Amino acid sequence: MADATENFFEELSHRGHEPLLEKATGTVRFDLVNGKRSERWLVEIEKGDIAVSRKQASADLVIRSDKALFDRVATGRENAFAALLRGEVDAEGKVQLMMQFQRLFPGPPRRRSR
């Protein structure tokens, strides 16, 4: 069964071209830690064209996070940049890519009206 992170990257891989990233070029690797296990996702961006893989490769930006935290980011319940500022996420490399990439994360879930 797919989890929130896997769903996020799967959906992202099907976009192909993302207009919000037309001015972005670079690679972002996500290293997500879950206890003793870790998983990696590599996102390659070329002027808005997106490719997602599980390659073990170097990247322009490496983001390290707890898997549970990233699940919340992937569903919009947590803001990635706020988590970075709190020290819950570590980013090395071209941090401006994170600023651009954050546009792809969903916003907070809407509250139901009573």
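The table below gives the values:
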item: Of all residues in the range 70-114 being touching a strand residue (DSSP E or B) at 6+ places or on another chain (Cβ under 9 Å) and β-branched (Val, Ile, Thr), the one that is farthest from residue 32 (Cα to Cα); result: 95
item: So residue 11, is it assigned to a helix (DSSP H, G or I), out of contact with any helix residue (DSSP H, G or I) (no Cβ under 7 Å at 6 or more places or on another chain) and of a type in the set (Asp, Glu); result: yes
item: Check on residue 97, part of a helix (DSSP H, G or I), exposed (fewer than 15 other Cβ atoms within 10 Å of the Cβ) and of a type in the set (A, V, I, L, M, F, W, C); result: no
item: Condition check for residue 15: among the basic types (Lys, Arg) and at pLDDT 95 or above; result: no
item: Selection from the range 11-36 of residues that are basic (Lys, Arg), in contact (Cβ under 8 Å) with a residue 12 or more places away in the chain and exposed (fewer than 14 other Cβ atoms within 10 Å of the Cβ); result: 23
item: Flag if residue 27 is assigned to a helix (DSSP H, G or I) and touching a strand residue (DSSP E or B) at 6+ places or on another chain (Cβ under 9 Å); result: no
item: Number of the condition not met by residue 76 [criteria: (1) out of contact with any Pro (no Cβ under 9 Å at 6 or more places or on another chain); (2) in a loop (DSSP other than H, G, I, E, B); (3) touching a residue at least 12 places away in the same chain (Cβ under 8 Å)]; result: (1)
item: Criterion: closer than 18 Å to residue 108 by Cβ and hydroxyl-bearing (Ser, Thr, Tyr) - qualifying residue of 75, 27; result: 75
item: Filter result for residue 42 (part of a strand (DSSP E or B) and either farther than 18 Å from residue 7 by Cβ or free of Cβ contacts under 8 Å to residues at least 60 places away in the same chain (or both)); result: yes
item: Subset of the range 19-38 that is of a type outside the set (A, V, I, L, M, F, W, C) and under 19 Å from residue 93 (Cβ atoms) - its residue that is nearest to the chain's Cα centre (by Cα); result: 29
item: Top-ranked residue in the range 81-102 [being of a type in the set (A, V, I, L, M) and modelled with pLDDT under 90; ranked as farthest from residue 20 (Cα to Cα)]; result: 95
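The values are calculated or read from the model by the stated rules, or taken from the named source; none is laboratory data. Remember, it's a predicted structure, so these values are computed and weren't measured experimentally. Positions of Cβ are backbone-derived with ideal geometry, glycine not excepted, and every protein chain shown enters the neighbour counts.
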